[in-house]
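Participant: What follows is a structure written as structure tokens; I'll ask about it next.
The values are calculated or read from the model by the stated rules, or taken from the named source; none is laboratory data. The model shown is predicted, which means the values in this text are computed figures rather than measured ones. As a convention, Cβ positions derive from the backbone with ideal geometry for all residues, glycine included, and neighbour counts pool all protein chains shown. SASA here: full protein model, heavy atoms, side chains in, ligands and nucleic acids out. Shrake-Rupley method; radii C 1.70, N 1.55, O 1.52, S 1.80 Å.
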Amino acid sequence: MIEIKIRRSDRRKRTVSARLVGGTMFVNAPADIPEPRLQEIIEQLKRRLEKRKLKRELNQKENLMAIYQKLNAQYFNNAIPVRSIEYSTEQSKKWGVCNIKNRSIRISHRLSAMPEWVRDYVIVHEMAHLVFPNHSEKFWQLVNRYKLAERARGYLIAKGYEDTNESDVED
């Protein structure tokens, strides 16, 4: 549970800011902001700071770049360069997204609670988009090099996700 400390200031006119230090959220607010409005803003800021903290913790806990390198060597003969790969707390409907222009991959934080082989499948799926930015037959041939691809797809479908569109590719 996050402790909240509010500091009201006559000098602050419109904005409310917050920062998280340890387990305490320090909030700076205008002196005349109505309490109900301040509480709404604090809840929004609290959610944002918690997501940022979760993202930082996940990316420190799991070295996704090392996982990518292992999968790249194992399934793609080190042929797929990636600039960055990280967890994202902003993806509630997508398991993974790749940006083909800057060659980056973002993986949903929800995958951290799933088996590693499912996370690895999503990484392989996004890596394959860097070669084929679509869901063509050639794309699926590349993805299916991953030995647990069909099992992982079934797992994700059981979790309520079916890969029927191409919205996981960014230009």
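Participant: Counting just the residues of the range 98-107 that are surrounded by 20 or more Cβ atoms within 10 Å (Cβ to Cβ) and touching a residue at least 24 places away in the same chain (Cβ under 8 Å), which one comes out nearest to residue 55 (Cα to Cα)?
Facilitator: The extreme case among them is 107.
Table: residues versus (1) surrounded by 14 or more Cβ atoms within 10 Å (Cβ to Cβ); (2) at pLDDT 95 or above; (3) among the hydroxyl-bearing types (Ser, Thr, Tyr).
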site: 109; (1), (2), (3): yes, no, no
site: 114; (1), (2), (3): yes, no, no
site: 125; (1), (2), (3): yes, yes, no
site: 135; (1), (2), (3): yes, no, no
site: 143; (1), (2), (3): yes, yes, no
site: 155; (1), (2), (3): yes, no, yes
site: 159; (1), (2), (3): no, no, no
site: 166; (1), (2), (3): no, no, no
site: 169; (1), (2), (3): yes, no, no
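Participant: Need pairs with beta-carbon distance below 8 Å; first residue aliphatic (A, V, I, L, M) and within the range 146-171, second assigned to a loop (DSSP other than H, G, I, E, B) and modelled with pLDDT under 95; sequence gap 6+ or separate chains.
Facilitator: 156/95; 156/162; 156/163; 169/100; 169/133; 169/134
Participant: For residues that are in a strand (DSSP E or B) and closer than 11 Å to residue 45 by Cβ, scanning just the range 7-23, find the one that is most open to solvent (accessible area, probe 1.4 Å).
Facilitator: 19
Participant: Mind listing whichever residues of the range 61-103 are of a type in the set (D, E, K, R) and under 20 Å from residue 117 (Cβ atoms)?
Facilitator: 61, 62, 70, 86, 94
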